[in-house]
Amino acid sequence: MRLILFAGLAVLCCTRTHAAVPDERTVTRAQPLATLPPLQGEEVAAMTAAPNVPPAITRRHATKVRLALEVREHSKTLSDGVTYTYWTFGEDAPGNFIRVREGDLIETHLSNHPDNSVAHNIDFHSATGPGGGGDASFVAPGHAVTFSWRAMAPGLYLYHCVAAPAGLHIANGMYGLILVEPKEGLPQVDREYFIVQGEFYTDAPFGTRGNRKFSLEKALQEQPDYVVFNGRVGALMGKNALRAKTGESVRIYLGNAGPSLLSSFHIVGEIFDGVYGEGGTQVNQRNVQTTIVPVGGSAMVEFVADVPGSYQLVDHSMFRAFNKGAMGALEVEGPARNDIFSGKLVETTYNPGTRLQQRVAVAIPAVAALSKPARAGDDTTKALLDHGRQVYSTACITCHQAEGQGMPGIFPPLAQSDYLMADPDRAVRILLQGLNEPIIVNGNQYNGVMPKLPLSDQDIAAVLSYVRNNFGNRGSTIKLADVGRVRAALARPAKQSQAGR
Ligand code: HEC
Ligand SMILES: [Cu+2]
């Protein structure tokens, strides 16, 4: 696997002058920002709707970035046939992915649409200052506010509304991601996407059609009906799947808005070459299967798509993935790579014998050795019935029970069975072949599976003689020759066997 390297940022160490012994707990800034870089020019913020990410920033200076966001409260699709009144930054949840550069000044304009019902604001985790801008940006419907903040530290950050009750505003969809690119840039990759995980707490179980309302009870229990990638069920499925070609390097920017559940992000069948843990600026682990994305936090993962095919993206908390929506897809196109992954080569049947068949196979020869085997012409002997009893207690008793009484509705009785007694040849056929069709025994219907058991013709003659003369039954014994005749008839084509009887 190709590794994508990222040069870590140098840590500037300093010691405090007032202490003789250096204090190990001294906090140092990750990088020197003694003087803020001068701002050159002005531009509009680069932003894109999910799952797309704006291109890497090429300018080599800090600038003033004008960022305009409008808050909407509007009904949107949460899942097939399910709608929900989302509160969003811009058109959708998550809001646009915003890309700025370390050192930039972000002049933020937040407007609250006059149709909205409540006040909102924005907290940038990338901002240094009270509330991340929460108080500074608090704005009533039909108003707009402006405030500025400096992108002091590079990294991937969540932004969200923090107006009270903050949990509700987040649960309704007010979140997004902002990347503050390090001034030296991030390593180049072929594709970049972003995914934000979020929960929806509604007044009905997952998938219940109609317009769903927020459920405070479920939110307090932290039991969402929906856990989704990019705001709704299926946002990354089917025609919306992420795409890449074999050999391409891919970086996915991950965010977790919560408001409650940690995300265990995993791509089935892919290994992350590098992970920028918690959205910081260093690859702090390589060859990772699943990375955790904290609530109110982020992570970045990088990998090379080597083998073509369909890959599932999941929160590995599986019931969320399969029952609450936390699933997406990545489609990788390109020539097969059988040297890395063969796909299914051969499929054959696998039949080591069921437990019952194994037990019978071991027990029957032992039983046969102990008891004197029945010979043709000696069918009525005690030896025949003794052998039959032993076969019965080894091979039949589990299902048909000790007294041949069977189990109502499951195993038909052999005791006083009209079915068994009416047609000896049919009974032989059942033991030779097994039986799997509806039958009526003593007026009751059964439709189970009687397995084909590994019995010799002698065993079959003996056990049928035994059951036909026990458990209240009285009938003819079955001769070895009878079994042989039925077996031969079964081997012939159907027409002849009919005519031969
Ligand atoms: C794994 C359970 C199982 C075992 C073991 C089993 N049977 Fe059955 N047997 C069934 C079931 C179930 C049916 C009904 C099948 C159907 O509905 O198609 C059945 C049907 C029959 C019938 C016809 C219905 C009747 O009640 O007369 C006979 C005869 C019979 N079994 C004999 C035997 C004998 C003899 C053995 C031992 C050598 C045996 N079975 C072992 C499950 C079993
Ligand atoms: Cu809000």
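The values are calculated or read from the model by the stated rules, or taken from the named source; none is laboratory data. Remember, it's a predicted structure, so these values are computed and weren't measured experimentally. Every residue, glycine as well, gets a Cβ built from its backbone with ideal geometry; the counts of neighbours run over all protein chains shown.
Things worth noting here:
- Verdict on GLN445 being in contact (Cβ under 8 Å) with a residue 40 or more places away in the chain and surrounded by fewer than 17 Cβ atoms within 10 Å (Cβ to Cβ): no
- Of all residues in segment 463-481, one or more are outside any loop (DSSP other than H, G, I, E, B), over 20 Å from HIS400 (Cβ atoms) and modelled with pLDDT of 90 or more.
- Test for TYR201: is it assigned by TED's automatic domain parsing to the domain that holds ALA49 and touching a Pro at 6+ places or on another chain (Cβ under 8 Å): no
- Some residue of segment 427-435 being closer than 14 Å to GLY406 by Cβ, in the same structural domain as ALA402 (by TED's automatic domain parsing), outside any loop (DSSP other than H, G, I, E, B) and more than 6 Å from ligand 1 (Cβ to nearest atom): no
- Tallying residues that are closer than 13 Å to TYR466 by Cα and near ligand 1 (Cβ under 8 Å from one of its atoms) within segment 398-419 yields 1.
- Taken over segment 292-310, the residue count meeting the criterion of being in a strand (DSSP E or B) and surrounded by fewer than 21 Cβ atoms within 10 Å (Cβ to Cβ) is 4.
- Only residues that are under 22 Å from THR63 (Cα atoms) and of a type in the set (Gly, Ala, Ser) were counted across segment 106-137, and they come to 7.
- Exactly one residue among VAL233, VAL250, VAL283, VAL275 is of a type outside the set (D, E, K, R), assigned to a loop (DSSP other than H, G, I, E, B), assigned by TED's automatic domain parsing to the domain that holds ASP306 and more than 18 Å from the chain's Cα centre (by Cα), and that residue is VAL283.
- On the stretch given as segment 107-160, residues that are among the charged types (D, E, K, R) and within 11 Å of ligand 2 (Cβ to nearest atom) total 1.
- If you go through segment 436-454 and keep only what is under 29 Å from ALA481 (Cβ atoms) and either outside the structural domain of ASP423 (by TED's automatic domain parsing) or more than 6 Å from ligand 1 (Cβ to nearest atom) (or both), you end up with LYS452, PRO454.
- Against the criterion of being within 24 Å of the chain's Cα centre (by Cα) and within 16 Å of ligand 2 (Cβ to nearest atom), PHE200 qualifies.
- When residues in segment 78-101 are screened for being within 12 Å of ligand 2 (Cβ to nearest atom) and over 24 Å from PRO54 (Cα atoms), 1 of them pass.
Residue-by-condition table, conditions (1) in contact with a helix residue (DSSP H, G or I) (Cβ under 8 Å, 6 or more places away or on another chain); (2) modelled with pLDDT of 90 or more:
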{"site": "THR291", "(1), (2)": "yes, yes"}
{"site": "PHE303", "(1), (2)": "no, yes"}
{"site": "GLY334", "(1), (2)": "no, yes"}
{"site": "THR348", "(1), (2)": "no, no"}
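- Residues (more than 21 Å from VAL293 (Cβ to Cβ) and either part of a helix (DSSP H, G or I) or more than 23 Å from the chain's Cα centre (by Cα) (or both)) located in segment 236-247: GLY238, LYS239, LYS245, THR246, GLY247
- Only listed residue being more than 24 Å from the chain's Cα centre (by Cα) and either within 16 Å of ASN256 (Cβ to Cβ) or not aliphatic (A, V, I, L, M) (or both), chosen from LYS213, LYS218: LYS213
- Selection status of THR208, over 15 Å from TYR276 (Cα atoms) and surrounded by fewer than 16 Cβ atoms within 10 Å (Cβ to Cβ): yes
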